[in-house]
1. Which numbered condition in (1) under 13 Å from the mean Cα position of the chain (by Cα); (2) without any contact (Cβ under 8 Å) to a residue 24 or more places away in the chain; (3) open to solvent by 80 Å² or more (accessible area, probe 1.4 Å) is the only one that Gln38 fails?
2. Look at Asn112 and say whether it is surrounded by 15 or more Cβ atoms within 10 Å (Cβ to Cβ) and of a type outside the set (Asp, Glu).
3. Which residue pairs have Cβ atoms under 6 Å apart, sit 6 or more places apart or on different chains, and have a first residue in region 13-33 that is under 15 Å from Cys68 (Cβ atoms) and a second that is buried (at least 17 other Cβ atoms within 10 Å of the Cβ) and charged (D, E, K, R)?
4. When region 1-20 is examined, which residues are found to be in a helix (DSSP H, G or I), surrounded by 13 or more Cβ atoms within 10 Å (Cβ to Cβ) and within 16 Å of the chain's Cα centre (by Cα)?
5. Need the failing condition index for Leu23 against (1) open to solvent by 20 Å² or more (accessible area, probe 1.4 Å); (2) at pLDDT 95 or above, just the number.
6. Can you tell me which of Cys68, Cys76, Cys53 is closer than 29 Å to Ala14 by Cα and more than 15 Å from the chain's Cα centre (by Cα)?
7. Under 6 Å by Cβ, and 6 or more places apart or on different chains, what pairs join a residue from region 56-84 that is open to solvent by less than 30 Å² (accessible area, probe 1.4 Å) with one that is part of a loop (DSSP other than H, G, I, E, B) and among the aliphatic types (A, V, I, L, M)?
8. Since Lys93 meets every condition but one in (1) crowded, with 17+ Cβ neighbours inside 10 Å; (2) at pLDDT below 90, which condition does it not meet?
Amino acid sequence: MSGPVAAAKAAWGADMPEWVLRLAESCEASSQSKVAGQLGYTPGVVSQVVRNCYAGAIENVRQRVEGCLMGATLDCPALGNLPLHQCASWRAKSRKFSGANHERVMMFRACNRCPNNAKETGK
C-alpha cells in the first residue's frame, strides 16, 4: 500500500496528530496540488508535512489544516465565530499596521489586544 496516508503513518508512527491524518486523507482523495492550493501552501510543503520532515513553522500549517479541512473555529472578539485559518491570517496581517481600509485598521487593533494572539516571549 502506498500513498499519502501510508507515507504519513510510516513517518509519524503512533504519534501522528489527527490533523496530519486528515491532510494525508485529503491528498489521497483529490491530489496533493489541489490540497496545497486550498491551504495556500506549495505541494512541497504538504509533502514535507505528511512525511514529517517539514522544517518550517508546523503550527501555522496545523492551523490552516484544522481551519480549512477540519472546520475548526474560534471566537474572535471582533468578528465572532471565525475559522481558525482566517484568525491566523488576520494575526499575520496585524503584525504591521496598514490603513488600507477600515477592516484592516479594526483588525490591527483587535488582534493586538486579543487573547487568541499569544505573543512570542524571549525571542
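The values are calculated or read from the model by the stated rules, or taken from the named source; none is laboratory data. Please read these numbers as outputs of a predicted model, since none were measured by experiment. Ideal geometry is used to build each Cβ from the backbone, glycine not excepted, and the neighbour counts take in all protein chains shown. To get the accessible areas, we keep the full protein, side chains included, count just its heavy atoms, and leave off ligands, DNA and RNA. Shrake-Rupley method; radii C 1.70, N 1.55, O 1.52, S 1.80 Å.
1. Against the list (1) under 13 Å from the mean Cα position of the chain (by Cα); (2) without any contact (Cβ under 8 Å) to a residue 24 or more places away in the chain; (3) open to solvent by 80 Å² or more (accessible area, probe 1.4 Å), Gln38 comes up short only on (2).
2. Working: surrounded by 15 or more Cβ atoms within 10 Å (Cβ to Cβ): no; of a type outside the set (Asp, Glu): yes.
No, not satisfied.
3. Going by the 6 Å Cβ cut-off, the qualifying pairs are Trp19/Arg62; Trp19/Glu66.
4. Within region 1-20, Trp19, Val20 qualify.
5. For Leu23, the failing item is (1).
6. Values: Cys68 fails: more than 15 Å from the chain's Cα centre (by Cα); Cys76 fails: closer than 29 Å to Ala14 by Cα.
Result of the check over Cys68, Cys76, Cys53: Cys53.
7. Leu84/Ala72
8. In the conditions (1) crowded, with 17+ Cβ neighbours inside 10 Å; (2) at pLDDT below 90, Lys93 misses (1) alone.
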